[in-house]
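For reference, the structure is listed below as structure tokens.
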Amino acid sequence: MVHSSLRHRASLWVRAVRVHQWLKNLLIFVPLLASHQFGSPAVLLNGLAAFILFSCSASSAYLLNDLLDLNHDRLHPHKSRRPFASGQLPVKTGLLAFPMLLVFAFGCAYWLLPWQFTVALAAYYFASVAYSFWLKRFVVVDVVTLAMLYTLRIIAGALVFHLVLTFWMLAFSMFIFLSLALAKRYTELFGARSRGDTEQTRGRGYYPQDLGMISSLGAASGYLSVMVLALYIQDQNTTVLYRHPQLIWLACPLLLFWVSWIWMLTHRGEMNDDPVVFAVRDRTSLVVGVLFGLVFWVAA
């Protein structure tokens, strides 16, 4: 009985800190893969430490966001099931947990990793808090902020590995993640419209009638990321990194298909609240991801 209670409580905390969202922090390793500098075990160990500390920092921000959004979440059909909103975890434990995670993340980052990484981590956390407190209430500002938070993970990775970020990587990241952020917002509004809501969504600056514009902006942003990839292939520096750079052209139709696939599912209401997590579980997305990686591997 005691073991069952402990397992239940542990599962609640796993949900509260959103361990499944830690997958996003694997973006830290993108600069290392893109530069073809896989490095020594010490470099990979630094990357693992950065991943863990970034995840702790992100979980601290998630906890703070849930505590700030308690009233809105309790009125939401799905978010009301979250551990704090549902009352399964006491609010006071969340008030203790989020600063503890934050202190652990920044303390270890300061002692173990380059100071530049700590600066990027601080920028990420403050942007997350600003989003939770204020920015998420403003139309377009909210999704641009979400895209920036994804991009900051890549920037943090470049700093921990002492790599220089290219224009192409930053541009690609902003466009593809803006598209996914818009898909997330579309999903929320689609659910509101399905429930018959016509008023402005709680805590957000959108109305259900904004769905058409959001889908247009999201698809356009996704297709622009394909354009950035195509231009990257033509860059002179690309020919230095790859033996067969022309093969990367095969990645363009794959990305074009995936962006269209994601938005088709979103338009049909078959997307969950987070397109990134959905993509990790979606068989079609996984197949496209494997083929995408295979193209770059063969080109190298």
In this structure, is Leu53 surrounded by fewer than 17 Cβ atoms within 10 Å (Cβ to Cβ) and touching a residue at least 12 places away in the same chain (Cβ under 8 Å)? no
Within the range 77-99, work out how many residues are without any contact (Cβ under 8 Å) to a residue 24 or more places away in the chain and of a type outside the set (Val, Ile, Thr). 9
Among the residues of the range 152-164, are any within 26 Å of Leu217 (Cα to Cα) and either of a type in the set (Lys, Arg) or in contact with a Phe, Trp or Tyr (Cβ under 8 Å, 6 or more places away or on another chain) (or both)? yes
Answer yes or no: is there a residue in the range 186-195 that is farther than 18 Å from Trp263 by Cβ, free of Cβ contacts under 8 Å to residues at least 24 places away in the same chain and over 21 Å from the mean Cα position of the chain (by Cα). yes
Of the residues in the range 235-271, those that are outside any helix (DSSP H, G or I) and either surrounded by 14 or more Cβ atoms within 10 Å (Cβ to Cβ) or aliphatic (A, V, I, L, M) (or both) number 3
Can you find a residue that is farther than 30 Å from Gln37 by Cβ and of a type in the set (S, T, N, Q) anywhere in the range 169-191? yes
Sort out which residues of the range 103-117 are surrounded by 19 or more Cβ atoms within 10 Å (Cβ to Cβ) and either more than 21 Å from the chain's Cα centre (by Cα) or of a type in the set (A, V, I, L, M) (or both), and write them in order of number. Ala105, Ala109, Leu113
Given (1) of a type in the set (A, V, I, L, M); (2) over 24 Å from Leu180 (Cα atoms); (3) surrounded by 15 or more Cβ atoms within 10 Å (Cβ to Cβ), identify the lone condition not met by Leu45. (3)
(1) at pLDDT below 90; (2) at negative phi; (3) surrounded by fewer than 16 Cβ atoms within 10 Å (Cβ to Cβ): which one isn't true of His76, the others all being true? (3)
I'm told Met169 meets every condition in (1) touching a Leu at 6+ places or on another chain (Cβ under 9 Å); (2) crowded, with 17+ Cβ neighbours inside 10 Å except one. Can you identify the failing condition by its number? (1)
Yes or no: Ser179 assigned to a helix (DSSP H, G or I), in contact with a Phe, Trp or Tyr (Cβ under 7 Å, 6 or more places away or on another chain) and hydroxyl-bearing (Ser, Thr, Tyr)? no
Which listed residue is touching a helix residue (DSSP H, G or I) at 6+ places or on another chain (Cβ under 8 Å), more than 30 Å from Leu70 (Cβ to Cβ) and without any contact (Cβ under 8 Å) to a residue 60 or more places away in the chain, from Leu178, Leu224: Leu224
Looking at (1) surrounded by fewer than 23 Cβ atoms within 10 Å (Cβ to Cβ); (2) part of a helix (DSSP H, G or I); (3) in the same structural domain as Lys79 (by TED's automatic domain parsing); (4) not basic (Lys, Arg), which is the one condition that is false for Ala120? (1)
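The values are calculated or read from the model by the stated rules, or taken from the named source; none is laboratory data. Keep in mind that this is a model prediction, so the values were computed, not measured. Positions of Cβ are backbone-derived with ideal geometry, glycine not excepted, and every protein chain shown enters the neighbour counts.
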